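Asks: Structure below; questions to follow.
The values are calculated or read from the model by the stated rules, or taken from the named source; none is laboratory data. Given the structure is predicted, the values throughout are model-derived calculations rather than measurements. Glycine gets a Cβ as well: all are built from the backbone with ideal geometry, and neighbour counts include every protein chain shown.
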């Protein structure tokens with residue numbers, strides 16, 4: 001599947017992870033004398049609670065008709081639950097994408113695994129893990145649309161759909177695109193793809209590359225432009241160095257040993273073989 005090879009960058013990720021680990025693991029922790037570490041709470045309850053937005057295949061989506069949440073992020077979360085302890089189960093909580101950060105800050109969930117890019121704004125609000133995968137963003141249209149995009153700036157001449165609260169939305173807003181004029185946001189990727197397929201409100205959609213691949217067998221769509229690489233991170237609350245250490249250890253060691261590549265190949269189509 002050659003399209004995917006351009007959409008997910010694995011090369012040099014281990015080196016990048018190592019730099020992140022060395023830079024973040026050995027910072028002295030604050031003194032939380034009266035604070036029960038989140039990791040201890042997870043072990044005590046025997047459950048890791050992870051927030052996601054289950055409309056973003058292949059990272060997370062629901063099976064039909066059972067409604068089980070599955071995907072790459074869920075398998076990675078399971079690896080973290082297993083690393084915490086043999087008695088720890090994984091519970092995935094499906095939330096609207098734009099409410100995920102607030103839910104984690106409030107303690108409703110322990111961690112976020114939802115195809116979230118690393119951004120400084122998100123890292124100010126929550127503690128980000130080291131990068132667990134890199135993806136590209138793509139501008140897509142219906143096949144035979146007649147539209148040509150040579151640079152991301154070209155999209156401002158069209159009506160473009162994005163998912164609410166994503167880095168793609170922020171990027172297009174920074175280009176001067178205006179809500180409900182030439183920029184249209186949707187609560188989830190399913191609504192976005194339905195709108196693009198209808199061809200009435202939007203001409204283009206701006207999404208992560210693997211999401212296009214997940215939908216291209218359902219809709220008659222094509223990639224017009226790929227805008228480069230974006231790092232994805234897991235998130236938890238600030239002030240939980242023990243739990244963040246566990247998350248980072250699982251990510252780093254999975255790349256160091258190569259164990260994560262089976263999961264990547266399963267969800268993204270044998271891109272590392």
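Asks: Within segment 95-107, track down each residue that is part of a loop (DSSP other than H, G, I, E, B) and either over 20 Å from residue 242 (Cβ atoms) or in contact with a helix residue (DSSP H, G or I) (Cβ under 6 Å, 6 or more places away or on another chain) (or both).
Replies: If the condition is that a residue be part of a loop (DSSP other than H, G, I, E, B) and either over 20 Å from residue 242 (Cβ atoms) or in contact with a helix residue (DSSP H, G or I) (Cβ under 6 Å, 6 or more places away or on another chain) (or both), then 95, 96 are the ones that fit.
Asks: Next up: For segment 207-224, check the following and say yes or no: at least one residue is in a loop (DSSP other than H, G, I, E, B), over 23 Å from residue 70 (Cα atoms) and not assigned by TED's automatic domain parsing to the domain that holds residue 73.
Replies: The answer is yes, given that some residue of segment 207-224 is in a loop (DSSP other than H, G, I, E, B), over 23 Å from residue 70 (Cα atoms) and not assigned by TED's automatic domain parsing to the domain that holds residue 73.
Asks: Does segment 150-157 include one or more residues that are within 24 Å of residue 259 (Cβ to Cβ) and modelled with pLDDT of 95 or more?
Replies: no
Asks: Scanning for something at pLDDT 95 or above and more than 18 Å from the chain's Cα centre (by Cα), does segment 187-195 turn up at least one residue?
Replies: Yes, there is a match, as at least one residue in segment 187-195 is at pLDDT 95 or above and more than 18 Å from the chain's Cα centre (by Cα).
Asks: Next question. Take residue 133 and tell me if it is within 24 Å of residue 186 (Cβ to Cβ) and either crowded, with 16+ Cβ neighbours inside 10 Å or over 15 Å from the mean Cα position of the chain (by Cα) (or both).
Replies: Here the answer is yes, as residue 133 does meet what is asked.
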